[in-house]
Structure formats: structure tokens, C-alpha cells
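Notes follow the structure.
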């Protein structure tokens, strides 16, 4: 079970059919048009709704400026064995910033990725900041938590190629085939992937940089790769 905050996330959760335990609303916000519409949707979905007195949400919400509604939902992680053997699977290894993790989940969803896997010491996918940064995409695609070696062995047995992202020395991400089933591993924001993890993958890929920056933000790098995969799939389909 996890807590989701704000009308947008709750709206996305209702759309996805996630099981709600309850929804909590600030009594002062009940007459707000957007909140009222949300409460009507929740009622139709037979979600229990509790109105809270002024100041209660501020004491229990994670956000510094709390939203007028939050909910407790039952969120089921996907199983590695059931992860689709198609399209792009993004693996986040030791990605610890919740904003980055949420951004990657959001970009993976937008680019039509098949799944996102969290491995190593990555941030909790149910971290409130991760959930907010995902903008509801956390409810739209399979989310798996598993050790990196287990993930790569699983896909290797299925004949799916894997790519380790490295700052320099890899093949350009535009020059590798991302049009079919493939696994791309994104490393820690500060240290990247360690040598042992890189060695587990079939190939190294890099994103060419022209400026003086030492590296790209993990969320940006993963987003570029996800949309390159989408572009390649689109071109393959149109051809």
C-alpha cells in the first residue's frame, strides 16, 4: 500500500483501476469544482471518502504545500517472469534521486516502453516524490523490482540484447538497434554503472556531448534513449 497525493495522481489511479483503500479530502476543498468532480468519480468507483478537518492533511502529507486530497492505494509490482518480451525495458540501477526515477518512469511511459525495472539501491518506487514526478505514469506500465544480474540473465535467456549506458567509449545510442526487444541499463547519477555491471551487458552505449559537461542527468539520458527507441520502432513500422 502507498499514499498518493493530489488530484492529478488520484485521477490517474482511478483511470488505471488501481484498488483504493480510501480517499481523504480537506473539508474546506469539497466545494472546489475539480475536487468535487474527483469525489464524484471516486464515489462511482465505490471508493471510501473521508472528509478531514482543517490542518489534518498538513500533518500527514509528504509535500511541503499539501494537496487538498490524498489516497491510500494498493499497488502491485509486476513479476520479472511476466515482463513483456518486446520493446524497450529500462533498468534503473542504483538510481537514488526520486525526481530522476519518476521522470524516467514518465518518459518510459510516454515513449511506449514495455517496463521499468528498479535494481540495486535505487529509490523506493513508492517514494512520494517519485510518484509525483511520474505524473501518474507509474500506473500505466509494468514496474519491477529485481537484482540487476537476475534481470540480465532473464532477458539473456530470452535472446534479448542488453546495453549498458556509459559516459564515454560506447557505441552511439543512435547507432544501435533499439527497434525490437532490448534492455537498457541506466546507472547511478553520480557514479554511473560500475565495471562489473557493465560487463554483464552485451554492449556499451553512450550519448555524444558537444559541450564541457562531464555527464548528462540520468533522467535526461534515459529519456533520450527511450525516445530514440520509439523513433526506431516508428521508422521500422512505417517501412
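The values are calculated or read from the model by the stated rules, or taken from the named source; none is laboratory data. Everything quoted here is computed from the prediction, not taken from an experiment. Ideal geometry is used to build each Cβ from the backbone, glycine not excepted, and the neighbour counts take in all protein chains shown.
Conditions (1) closer than 23 Å to residue 110 by Cα; (2) surrounded by 12 or more Cβ atoms within 10 Å (Cβ to Cβ), marked per residue:
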residue: 182; (1), (2): yes, yes
residue: 186; (1), (2): yes, yes
residue: 199; (1), (2): no, no
residue: 206; (1), (2): yes, yes
residue: 209; (1), (2): no, yes
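Results for (1) in the same structural domain as residue 8 (by TED's automatic domain parsing); (2) in contact (Cβ under 8 Å) with a residue 40 or more places away in the chain; (3) surrounded by 12 or more Cβ atoms within 10 Å (Cβ to Cβ); (4) part of a strand (DSSP E or B), shown as yes or no for each residue.
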residue	(1), (2), (3), (4)
23	yes, yes, yes, yes
38	yes, no, yes, no
46	yes, no, no, no
51	yes, no, yes, yes
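Just for the stretch 111-124: of the residues that are closer than 22 Å to residue 231 by Cα and out of contact with any helix residue (DSSP H, G or I) (no Cβ under 7 Å at 6 or more places or on another chain), which one is surrounded by the most Cβ atoms within 10 Å (Cβ to Cβ)?
Initially, the stretch 111-124 is screened for residues closer than 22 Å to residue 231 by Cα, giving 111-117.
Checking the rest, the ones that are also out of contact with any helix residue (DSSP H, G or I) (no Cβ under 7 Å at 6 or more places or on another chain) come to 114-115.
Numbers: 114: 19, 115: 21.
Filtering the stretch 111-124 for residues that are closer than 22 Å to residue 231 by Cα and out of contact with any helix residue (DSSP H, G or I) (no Cβ under 7 Å at 6 or more places or on another chain), the one surrounded by the most Cβ atoms within 10 Å (Cβ to Cβ) comes out as 115.
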_All but one of (1) farther than 30 Å from residue 71 by Cα; (2) surrounded by 19 or more Cβ atoms within 10 Å (Cβ to Cβ) hold for residue 157; state the number of the condition that does not hold._
(2)
*Quick one: in the stretch 53-74, which of the residues that are out of contact with any helix residue (DSSP H, G or I) (no Cβ under 8 Å at 6 or more places or on another chain) and not in a helix (DSSP H, G or I) is surrounded by the most Cβ atoms within 10 Å (Cβ to Cβ)?*
61
*asked:* Of the residues 115, 157, only one is free of Cβ contacts under 8 Å to residues at least 24 places away in the same chain, closer than 27 Å to residue 232 by Cβ and in the same structural domain as residue 94 (by TED's automatic domain parsing); which?
replied: 157
